[in-house]
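Scroll down for the structure; my scribbles are underneath it.
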Amino acid sequence: MACMLCGATAPRALFAKEGRDVVRCRSCGLEWVDPMPTADELTAYYERSYADGSYSFFAEAQRERAAIARHRLGVIAPFAREGRWLDVGASSGDFVEAASAAHDVEGLELSETAVREARSRGLRMHCGSVESFAPSAPYATITAFDVLEHLREPRVFLERLRGWLAPGGRLVLTLPDVSSLYARWLMRRHWFYYLPREHLFYYSPATASRLLADEGFRVVAAQRAYKTLTPAYAAANLRYFNAGLGVVARALLRLVPRALAERPVRMYLGEMMLVAEREA
């Protein structure tokens with residue numbers, strides 16, 4: 001597979017995980033999964049994930065999801081444009097709910113179950129894919145949190161979103177940063193975001209910015225992204241991302257007073273936030 005970003009061939013194999021190789025382009029540094037899962041394989045994987053509890057665990061953590069949404073809203077507020085907002089991959093609408101008090105915001109989500117749950121709380125949600133959705137008017141700000149790394153065709157995704165933005169509109173992305181301390185030095189192949197069955201491309205600020213520039217965006221901010229989580233939730237969630245580390249984390253948590261284990265903490269997990277402006 002040639003590099004999606006620069007077209008170079010013969011990437012360097014880094015390691016094998018979950019039955020697939022993670023490779024890095026020798027030219028631009030983009031990393032990806034090889035062989036790439038098919039669309040049918042991805043659908044089957046996500047269906048199993050809901051069945052075995054990994055996604056239902058996240059869906060049930062309403063307090064944590066709401067705290068993450070409020071934190072994200074505060075961070076992006078200085079960069080966002082006033083006007084209509086759209087949250088892509090909105091799940092059950094936590095960010096839509098957090099932003100709706102001060103903004104004209106709606107969400108787009110594939111899961112019918114998640115959309116029904118969001119609508120039951122009075123949120124404006126669209127059920128469908130990026131390929132099938134057609135907005136009634138341009139948006140001033142579009143957010144897509146933890147989405148880009150899951151996509152087989154990120155260029156198609158960004159092209160669609162660019163078409164939905166008004167000139168000068170802003171796109172806000174969060175995604176794992178493969179150049180982070182966790183990925184490069186501390187954990188390497190054991191980094192919890194190396195998930196070849198669902199995370200298909202691994203970006204650094206440089207490669208993500210290059211991709212955005214190719215698709216008609218100008219990056220105006222690139223910085224670390226944080227999540228507000230309780231230590232108890234983080235330790236429990238690790239069992240899905242890194243089983244061995246999850247065992248260690250839960251063992252250490254038994255030594256911590258319950259009040260501290262349930263106290264929300266701002267955590268850096270090796271993610272980045274990019275804010276990009278649609279160029280005319």
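The values are calculated or read from the model by the stated rules, or taken from the named source; none is laboratory data. A quick note: this is a predicted structure, and the numbers were derived from the prediction, not measured. So basically every Cβ, Gly included, is an ideal-geometry build from the backbone, and we count neighbours across all protein chains shown. When the accessible area is computed, the model is the full protein with side chains, heavy atoms only, and any ligands, DNA or RNA have been set aside. Shrake-Rupley method; radii C 1.70, N 1.55, O 1.52, S 1.80 Å.
Remarks
- Residues listed by number, the stretch 87-115, amide nitrogen under 13 Å from Ala39 label point at 7 Å toward C-beta: none
- Phe241-Ala261 FRET efficiency (beta carbon distance; Förster radius 25 Å; 0.05 resolution): 0.85
- The residues of the stretch 92-234 present an accessible area of 41 Å² per residue when probed at 1.4 Å with all protein chains retained.
- Using a probe radius of 1.4 angstrom, the carbon and sulfur fraction of the accessible surface of the stretch 113-174 is 52%.
- Computed about its Cα centre, the charge dipole of the stretch 153-230 is approximately 220 debye, with only Lys, Arg, Asp and Glu carrying charge at their Cβ.
- Arg254/Arg188 FRET efficiency (R0 35 Å; Cβ-Cβ; nearest 0.05): 0.80
- Charge dipole of the stretch 170-276 about the Cα centre (unit charges at C-beta), most positive-ward option of Ala225, Ala261, Val178: Ala261
- Helix-derived mean residue ellipticity, 222 nm - over the chain, DSSP H n ≥ 4, -39500 (n - 2.57), to 500: -10000 deg cm²/dmol
- When you count the other C-beta atoms within 10 angstrom of each residue and take the mean per peptide, 83-93, 223-233 line up highest first as 83-93, 223-233.
- Label-point separation in nm, Arg224 to Asp21, each point 7 Å along Cα→Cβ: 3.4
- DSSP bridge pairs, the chain: antiparallel proportion in percent, nearest 5: 60
- Site pair Ala134 and Cys6 shows an inter-label distance of 4.0 nm when each label is modelled 7 Å from Cα along Cα→Cβ.
- Rough spin-label spacing in nm, given labels placed 7 Å along Cα→Cβ, for Arg116 and Glu279: 4.5
- Potential extension, Ala213-Glu198 segment - 0.36 nm per residue separation minus Cα distance: 2.9 nm
- Evaluated with a Cβ-only charge set (Lys, Arg +1; Asp, Glu -1), the stretch 175-268 carries a dipole of roughly 380 debye about its Cα centre, given to the nearest 20.
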